[in-house]
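A.B. asks: Please read through the structure below; I'll follow up with questions.
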Amino acid sequence: MKPTRFETTIALIDKANSEDINTFKVADMDYPKELLYSQRMSRKLLQFEPNASKALQIAARAQHICRWKISRNEYPMDRVGYLKWRETLKRMHAKLTVEILDKVGYDSQFKNRVKAIILKKMIKKNEESQTLEDTICLVFLDYYFEEFAAKHDDNKLIDILKKTWLKMSDKGHEAALNLPLSDSSLALVKRAIT
């Protein structure tokens, strides 16, 4: 049976992300970092929003497509440099995803919708952009926060958690508080949100 356009799109995103030179170890196996991240995004999205549209599922899978191609150290190591780097990445992720959607035959309306979600246009007003943001925050808290927390002091962590919390919806907050966080991480989250 021939794969659908959606299945082909996901496979092409995974193929691009499988070329990541950076790896992440899980259960003693090394995975291309962005391939693992994108699969976690898809899994978390469907746990959080089981009825997510195909456009949102594609945007979540492609949210970090080929991220390693633009290094953080290409920009000044300050807040302005960080924000410029993130904005450049978002535009690259959207462009690469639209190229894949073009290749598999999606129309311009669908391509523009996926692009807008990846660029997180109208966050807080556009439900799909907000759901993507919630999913990003949930993936960070569930899979990456413990390791990140080990490298930073509590004040920095609380500041980051406060900013993360502001980006999320009420539904996202509820999901975050139900994650299997360690006691110390949960305590930090509770300090940040009170």
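A.B. asks: Once you charge only the Cβ atoms, +1 for Lys and Arg and -1 for Asp and Glu, what is the size of the charge dipole of the chain about its Cα centre, to the nearest 20 debye?
C.D. replies: 740 debye
A.B. asks: Still on this structure: Check the straight Cα-Cα distances from Lys33 and name the aspartates and glutamates below 12 Å, setting aside those fewer than 8 residues away within the same chain.
C.D. replies: Counting by Cα, and skipping residues close in sequence, Lys33 has these aspartates and glutamates nearby: Asp14, Glu19, Asp20.
A.B. asks: Determine the distance separating the Cα centre of the range 114-190 from the Cα centre of the range 1-77; give it in Å without decimals.
C.D. replies: That distance is 18 Å.
A.B. asks: Here is a follow-up. Starting from the 7 Å offset along Cα-to-Cβ, what nm value, one decimal, do you get for the label separation of Thr88 and Lys124?
C.D. replies: Result: 2.8 nm between the two label points.
A.B. asks: Let me ask something else. Over 16 Å apart: what share of the alpha carbon pairs of the range 1-119 falls there, rounded to a whole percent?
C.D. replies: Result for the distance tail: 63 percent.
A.B. asks: Still on this model: Distance in nm between label sites at Val80 and Val26, each 7 Å beyond Cα in the beta-carbon direction?
C.D. replies: It works out to 3.9 nm between the two label points.
A.B. asks: Right, another one. If R₀ is 30 angstrom, what is the calculated FRET efficiency for the pair Lys15 and Thr194, using the beta carbon separation as r and rounding to 0.05?
C.D. replies: 0.10
A.B. asks: Can you give the angle from 0 to 90° between the axis of helix 183-193 and the longest principal axis of the chain, with both taken from C-alpha atoms, to the nearest 10?
C.D. replies: 90 degrees
A.B. asks: A further question on this structure: Using alpha carbons only, how many degrees (0 to 90, rounded to 10) separate the axis of helix 127-139 from the longest principal axis of the chain?
C.D. replies: Approximately 50 degrees, to the nearest 10.
A.B. asks: Given the DSSP H assignment, sum -39500 (n - 2.57) over each helix run of at least 4 residues in the chain and divide by its residue total; what's the result at 222 nm in deg cm²/dmol, nearest 500?
C.D. replies: The per-residue figure over the chain is -20000 deg cm²/dmol.
A.B. asks: Can you flag which of Lys95/Lys167; Lys90/Lys171; Lys15/Lys162 are past 26 Å Cα-Cα?
C.D. replies: As for pairs spanning more than 26 Å Cα to Cα, those are Lys15/Lys162.
Where a number appears in this text, it was derived from the coordinates with a stated rule and is not lab data. Computed from a predicted structure; not experimentally measured. A quick note on method: Cβ atoms are made from the backbone with ideal geometry, for glycine too, and the neighbour counts reach across all protein chains shown.
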